[in-house]
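Report on the following structure.
The numbers here are math on the coordinates, done by the rules we state, and not lab data. Worth saying up front: this structure is predicted, and the values here are computed from it rather than measured.
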């Protein structure tokens with residue numbers, strides 16, 4: 001149960017958010033990207049707007065401009081990413097995103113792995129789900145499987161995303177108008 005303070009913050013959080021959905025894959029297309037499609041469907045069902053959807057190979061020089069570009073657009077509140085979180089030599093999403101984060105949210109990956117452990121056991125250690133902020137934009141990266149996307153979206157991201165965005169965009173009283 002959420003504390004009164006958390007409940008108040010959630011009540012003040014924005015409702016419909018503008019989102020970018022990015023699938024990191026060397027093989028998927030829009031037609032075969034069932035994990036990206038699930039993110040879109042779940043986000044839209046929650047009342048959010050998908051402003052961008054892209055598929056990009058797991059190559060840092062191809063991913064970085066997308067992250068930077070999405071984060072520079074004030075109408076994009078969050079970037080939801082699926083794929084590239086494993087430990088094979090080809091999986092470089094974690095390294096790319098972690099190098100761009102201005103404020104990491106370590107609890108996101110920790111919570112994802114804890115919840116994942118209940119479903120798949122110690123194999124959850126192979127996931128390098130990561131979250132944080134690039135400037136004022138939330139970035140939440142989930143593994144590429146539909147089961148992982150469903151878990152992350154239903155148990156972590158959708159319940160908390162508006163609150164994350166509210167806090168990320170809140171101006172300090174010391175900063176002035």
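Per-structure values
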{"quantity": "The chain - share of DSSP beta bridges that are antiparallel (%, nearest 5)", "calculated": "30"}
{"quantity": "GNM top mover of 60, 122, 143 - the chain, alpha-carbon springs below 10 Å", "calculated": "122"}
{"quantity": "Ellipticity estimate at 222 nm from DSSP helix runs (n ≥ 4, -39,500 (n - 2.57)) divided over the chain, nearest 500", "calculated": "-13000 deg cm²/dmol"}
{"quantity": "Spherically averaged projected area in nm², based on the convex hull that wraps the Cα atoms of the chain", "calculated": "10.6"}
{"quantity": "Nearest-ten-degree value, helix 60-72 long axis tilted from longest Cα axis of the chain", "calculated": "20"}
{"quantity": "Nearest 10 degrees, 0 to 90: helix 106-120 Cα axis against the chain principal axis", "calculated": "50"}
{"quantity": "With Cα atoms, 0 to 90° folded angle of helix 158-169 axis to the chain main axis", "calculated": "60"}
{"quantity": "Residue with peak Gaussian network fluctuation, the chain [Cα springs, cutoff 10 Å], from 73, 53, 128", "calculated": "73"}
{"quantity": "Among 78, 138, 16: highest mean-square fluctuation, GNM of the chain, C-alpha pairs under 10 Å", "calculated": "16"}
